[in-house]
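Derivation of every value follows stated rules applied to the coordinates shown; laboratory data play no part. Computed from a predicted model, the values in this text were never measured in an experiment. Cβ: placed from backbone, ideal geometry, glycine included. Neighbour counts: every protein chain shown.
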Amino acid sequence: MAARGRFIPKNPGKYMGHRLKCLLCDREFDNKNGLSRHIIWTHKITTEQYYVDHIKGLVNTCIRCGDSTKFLGIIEGYAISCGHSCSQFMNRERIKADKDKYAEYNKNISKAVGEIWKTREVTGENINIRKKIGESIKRNNLLLSKDEMNMKYGWLNKLSGDEYEKAVKNDL
Ligand SMILES: [Zn+2]
Ligand SMILES: [Zn+2]
């Protein structure tokens with residue numbers, strides 16, 4: 001895939017930890033502008049010509065419609081899509097692709113979580129975990145005042161004896 005999501009640093013030479021070298025005379029520059037100026041003044045060619053002849057060639061075809069695209073600079077090269085409508089289209093495609101990726105990611109996560117619980121069921125680990133959860137509820141209940149307990153479990157009083165037992169057992 002071409003330039004999608006490509007990070008274009010403001011000062012590529014410095015960012016990449018090395019200086020930009022002119023491929024024609026080996027002189028080094030701190031940044032893109034320095035190199036660009038040098039190419040134009042010293043070698044008397046445009047930066048586009050330099051890019052085409054010495055970097056990647058004339059890769060200026062819109063990946064959607066095949067028209068030629070704009071030259072952006074010696075680091076960026078050519079735009080991946082031409083004019084407004086193709087750029088917008090590519091943008092939408094990119095957003096859609098990101099969305100799909102996100103949905104896929106979510107699906108994988110929930111599948112993974114499901115599998116973790118499945119494994120726990122097999123190993124009996126889930127019983128321990130559920131027991132631990134139950135214990136922490138019990139512990140929390142010990143910290144509740146009588147009123148708070150009433151608020152939390154008062155509705156149970158409306159249940160018959162058996163149902164009450166069962167409900168309390170379920171929660172504790
Ligand atoms: Zn040079
Ligand atoms: Zn196009």
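Before moving on, here are some points about what is shown:
- Among the listed pairs Lys56/Lys96; Lys132/Lys152; Lys96/Lys118, those beyond 24 Å (Cα-Cα): Lys56/Lys96; Lys96/Lys118
- Residues whose amide H lies under 5 Å from that of Lys21, counting only those 5 or more places away or on a different chain, are Phe29; hydrogens are built 1.01 Å from N in the peptide plane.
- Amide H contacts under 5 Å for Gly77, placed H, 5+ residues apart: Leu72
- Rounded D (µm²/s) - segment 32-140, Kirkwood Rh over Cα pairs, Stokes-Einstein at 25 °C, 0.890 mPa s: 128 µm²/s
- Förster-model FRET efficiency, 25 Å R0, Lys99 and Val59, C-beta, rounded to 0.05: 0.35
- Pairs beyond 21 Å (Cα-Cα), from Lys107/Lys131; Lys138/Lys166; Lys111/Lys138; Lys32/Lys70: Lys107/Lys131; Lys111/Lys138
- The aspartates and glutamates within cross-link reach of Lys101, meaning a Cα-to-Cα straight distance under 13 Å and a gap of 8 or more places when in the same chain, are Glu93.
- Judged by the gyration tensor of its Cα atoms, with axes a ≥ b ≥ c, segment 98-150 is oblate; a/c meets the 1.5 cut and b/c is at least as large as a/b.
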